[in-house]
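The values are calculated or read from the model by the stated rules, or taken from the named source; none is laboratory data. This is a predicted model, so every value here is computed, not measured. For neighbour counting, all protein chains shown are included, and Cβ atoms are generated from backbone atoms with ideal geometry for every residue, glycine included. Side chains included, ligands, DNA and RNA excluded: accessible areas come from the protein's heavy atoms. Shrake-Rupley method; radii C 1.70, N 1.55, O 1.52, S 1.80 Å.
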Amino acid sequence: MYLIQPGDTLLAISATTGIPLDRLVGLNSIKNPDFIVAGQTLSLDGSAPAAPQTATQGAQDAGNGPRYTVKSGDTLWDISLATGASLDSLIKLNNVPNADQLSVGQVLHLPATAAAPIVAGPVQRIAASAPAKPKATPIPKPTPAPTPPPTPVASPHQLRVAAEALRVGGQNVHIGAAGINLTSGEKIGLRAEEAFPSASVMKLPILVELERQIAAGTLSWTESLRAEAGAMVAISDNSAANQIADAIHPQSVNDTMAKLGLGGTHFLNLFSDARSASNPGMNQTTPGNMARLLELIATDQLVSPQVSGDIRTLLARNVDRSKLVRLLPPDARVAHKSGWYDGVANDVGIVTVDRVPTRWVIAVFTENVPDAETGNQIVAAISKAVYDAWAP
């Protein structure tokens, strides 16, 4: 037997075990060799692999632990909101293979800390219970309770992104993503406002500040400066980035990001080839900040249409094809900036598909990845899930 690990592919398992790919497919009745799930077991010799636990079995095995029976109209996101159980824990505890598909009557096991649903019927429209009517009393009158904000409801596309993150990365990797469809306005978010190590994605804010200062007349393009900007983006050259940072002054990057409303982005130290999980530096940003910055660039709102266009041209020259671009079909054009070191893999970019036509921005960040390939696969899987949603 072989236990599938986060980041595994069937091709890699074949190479590791020495068993031909077609035999692994046949022994395990695999319908799609490109889709395997971490935690499942594969038979290597014809013996039956351990069957994945079903949601109902998970609830039964939990004894008298809390359970929830799926009603008509329920989604996994709604059940998460109603019970207080995280989406990740629901997927893990019940071995849900597809977060978009629940069956009416299906019994879901809840974490011990989850609350019982506050309504007996479908949970997708949960209203806060009305406050008790106050007794008639003299002035002063009681202050009316504020109207609670509407409960956010995740779209199927957002659930699919969350499921892909869990499938490829497992439970221990910190993953965040943000996407904005520039055609429809739809947004996708997964821990979009949480802070992540930026790695070389910070070179995008540096490029933005460089272009802003040149447009303002503070600096001027020279042949050397243009070459450094190109190297900083295309091949993520650290030396070139540090030269530019010295020229524009690092604090000016933070000031400009703050003026743009991107207060989660902080450029605090120069770049080093010695960055690692134990020496990560202090530069940080959020998926939401980078998606918004890319939105401004993509829609010609960053300084001027000319400046925005020049930034897009430089981003389109990025040679990294291991992350956002990796699983996308040839009809997707991507202008992006990636970043990585041990334990971290990030990529942010603008994706255009003329066939639809549509365009979106996407930012994917990972932290605590066990190896570089797993990090690359997480970013690639999320990018492909967004492509499938917005360019079917």
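Inter-label distance, GLU193 to SER220: 4.5 nm, where each label sits 7 Å from its Cα along the C-beta direction. Counting 0.36 nm for each residue step from ASP246 to ASN32 and taking away their Cα separation leaves a gain of 72.0 nm. Once the chain from ASN172 to SER239 is taken as fully extended at 0.36 nm per residue, the excess over their C-alpha distance is 20.8 nm. Pairs LYS92/LYS203; LYS92/LYS384; LYS259/LYS323; LYS71/LYS337: which are spaced more than 32 Å apart, C-alpha to C-alpha? Check vs 32 Å cut-off fails for LYS92/LYS203; LYS71/LYS337. The label-point distance for SER103 and GLU186, in a model that sets each label 7 Å from Cα toward Cβ, rounds to 2.7 nm.
Spacing of the modelled spin labels on SER155 and ASP88, each 7 Å from Cα toward Cβ, amounts to 2.4 nm.
By how many nm would the segment from SER72 to THR9 lengthen if fully extended, with 0.36 nm per residue of separation less the alpha-carbon distance? Could the numbers behind the result be given before it?
Working: separation 63, 0.36 × 63 = 22.68 nm, distance 3.57 nm.
The SER72-THR9 span can extend by a further 19.1 nm.
Shape class of the stretch 249-290 from the alpha-carbon gyration tensor: oblate, with a/c at 1.5 or above and b/c at least as large as a/b. When peptides 376-386, 102-112 are ranked by their average number of other Cβ atoms within 10 Å per residue, the highest-first order is 376-386, 102-112.
Among the protein heavy atoms of the stretch 202-340, carbon and sulfur supply 52% of the accessible surface, probe 1.4 Å, non-protein parts ignored. If R₀ is 56 angstrom, what is the calculated FRET efficiency for the pair GLN306 and ARG23, using the beta carbon separation as r and rounding to 0.05? Efficiency computed from Cβ-Cβ geometry: 0.45. For the stretch 329-392, the solvent-accessible area of protein heavy atoms averages 32 Å² per residue (probe radius 1.4 Å; ligands and nucleic acids excluded). State whether the stretch 313-392 is rounded, prolate or oblate according to the following rule on the C-alpha gyration tensor (a ≥ b ≥ c being the square roots of its eigenvalues): a/c under 1.5 gives rounded; otherwise a/b larger than b/c gives prolate, and the remaining case gives oblate. Verdict is prolate for the stretch 313-392.
Computed FRET efficiency, Cβ-Cβ of VAL356 and ALA316, R0 30 Å: what is it to the nearest 0.05?
Working: r = 19 Å, r/R0 = 0.63.
The formula returns an efficiency of 0.95 here.
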